[in-house]
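Chemist: The structure under discussion is supplied below as structure tokens; questions concerning it will follow.
Just so it is clear, none of the values below were taken in a lab; they were calculated from the coordinates. In this text the structure is predicted, and so the values were computed from the model without any measurement. Glycine gets a Cβ as well: all are built from the backbone with ideal geometry, and neighbour counts include every protein chain shown.
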Amino acid sequence: MGQNKELLKQLEHMWLHGKQADIFIALYRRWAKPASSIAKIIGSERTNTYKIIQTMIRNGIVSEVNKKWIKYFFISDKDVLRHKLNQDKESVINKEKILPFIESELTKRNQERVSALPTVNFFEGTDGVKQLFDDMYTQIIDEQYLEIKFFASNTLALQSTSTHNLHQYAQHFFDELQRKKISIQWYLGNWIMMLDSILKSDNIQEIKELPAGNSSINIFVTGETIYLIIFKHIPFGLKIENEEFADVIQLLLKLSCK
């Protein structure tokens, strides 16, 4: 009994798990048997035993023969396990030969994979911000967006000290969006010292008159891209291309007005 238990344990290291090892020993001892007889010997249900035997046949461990329209199953020789092992070795050798080619092709495709890190472009000065708006307009048209989202800061200090309005940087941008019937869903953060409220609108005419100076902030969301502008003495902007970042900003804008 102890030897049989040890044999079952070692057979599990040779691809034969659970009932497969029981079936192997039963067939090797008793020569050819139908599935119903094997099921009784190992104490298992016939249909399940038959399915396991079919798996062993596909793996080249069990053989079958028909006798009077009944299928009998048998182990052809004890060397069947050695033969299976040699097949596996040959398969591994062949896989090792083709693996360098696969790795080489995957290395080439690494250059084509989209990086998870954001792509960032910097725009500096008045001309740079105008270029940013041109870039944003081109992307909106190329991607055929029908709506973009926009957040702007609006403080009492901005309203009282700002000498520039947004349309001085982006008159053409807003006019072309209106002409092509592309809407802007915009959010205006109002506060004196601390954030007091966020208002939502889609009136482009009001956007044009927003202050652009004294560290006012504009954030545009176009698809998977964020355009951020800070209007200081020398204004500058950032173009950040990252789907996850854009999704977060859109979610924050959506939640801000609930």
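Chemist: Show me the ranking of peptides 171-179, 101-109, 233-241 by mean Cβ neighbours inside 10 Å, starting with the highest. Could the numbers behind the result be given before it?
Modeler: Values: 171-179: 15.2, 101-109: 9.2, 233-241: 17.0.
Descending mean neighbour count gives 233-241, 171-179, 101-109.
Chemist: May I ask you to compute the full-extension gain from residue 32 to residue 208, defined as 0.36 nm times their residue separation minus their alpha-carbon distance, rounded to one decimal in nm? Present the calculation step by step, with values, prior to reporting the outcome.
Modeler: Numbers: separation 176, 0.36 × 176 = 63.36 nm, distance 8.96 nm.
So the extension gain works out to 54.4 nm.
Chemist: Relative contact order (percent) for segment 119-256, with alpha-carbon contacts under 8 angstrom and 6 or more residues of separation?
Modeler: Here the relative contact order equals 32 percent.
Chemist: Between 200, 181, 68, where does the largest GNM mean-square fluctuation fall for the chain, given springs only between Cα atoms within less than 10 Å?
Modeler: Of 200, 181, 68, the most mobile in the Gaussian network model is 68.
Chemist: Let me ask another. In nm, give the distance between the simple-model label positions of residue 224 and residue 179, each being 7 Å from the Cα along the Cα-to-Cβ direction.
Modeler: 3.0
Chemist: How high is the relative contact order of the chain? Use alpha-carbon pairs under 8 Å, at least six apart in sequence, and give a whole percent.
Modeler: 16
Chemist: Using a 10 Å cut-off on Cβ atoms, rank the peptides 133-139, 10-16, 92-98 from the highest mean neighbour count down.
Modeler: 133-139, 10-16, 92-98
Chemist: Same structure again: What number comes out for the charge environment of residue 167, summing +1 per Lys or Arg and -1 per Asp or Glu over other residues with Cβ under 13 Å away?
Modeler: -2
Chemist: Find which of 18, 236, 183 sits farthest along the positive direction of the dipole of the chain, computed with +1 on the beta-carbon of Lys and Arg, -1 on that of Asp and Glu, about the Cα centre.
Modeler: It is 18, whose Cα lies furthest towards the positive end.
Chemist: Let me know the charge dipole size of the chain about its Cα centre in debye, to the nearest 20, where only the beta-carbon of Lys, Arg (+1) and Asp, Glu (-1) is charged.
Modeler: Details: 33 positive and 31 negative charges, 547 e Å.
In total the dipole reaches around 2620 debye.
Chemist: At 0.36 nm per residue, minus the direct Cα-Cα distance, what do residue 69 and residue 102 gain on full extension? Give it in nm, one decimal, please.
Modeler: Difference between extended and current length: 7.2 nm.
Chemist: Pulled fully out, how much extra length does the chain show between residue 88 and residue 8, if you take 0.36 nm times their separation in residues and subtract their Cα-Cα distance?
Modeler: Gain in length upon complete extension: 26.7 nm.
Chemist: Once you've got the GNM for the chain with C-alpha springs shorter than 10 Å, pick whichever of 81, 228, 199 has the biggest mean-square fluctuation.
Modeler: Judging by the Gaussian network model, the answer is 81.
Chemist: Rounded, prolate or oblate for segment 119-256? Axes are the square roots of the Cα gyration tensor eigenvalues, ordered a ≥ b ≥ c, and the cut-off for rounded is a/c under 1.5. Mind showing how you got there, number by number?
Modeler: Working: a/c = 1.36, a/b = 1.20, b/c = 1.13.
Rounded is the answer for segment 119-256, as its axis ratio a/c remains below 1.5.
Chemist: Would you mind checking 130/232; 40/67; 9/89; 181/254; 9/33 for any pair whose Cα atoms are more than 18 angstrom apart? Can you show the working numbers first?
Modeler: Values: 130/232 14 Å; 40/67 20 Å; 9/89 22 Å; 181/254 22 Å; 9/33 24 Å.
Distance filter (> 18 Å) returns 40/67; 9/89; 181/254; 9/33.
Chemist: Follow-up. So if I place +1 on the C-beta of Lys and Arg and -1 on the C-beta of Asp and Glu, and nothing else carries charge, what would the dipole magnitude of segment 2-79 be about its Cα centre? I want it in debye, nearest 20.
Modeler: 340
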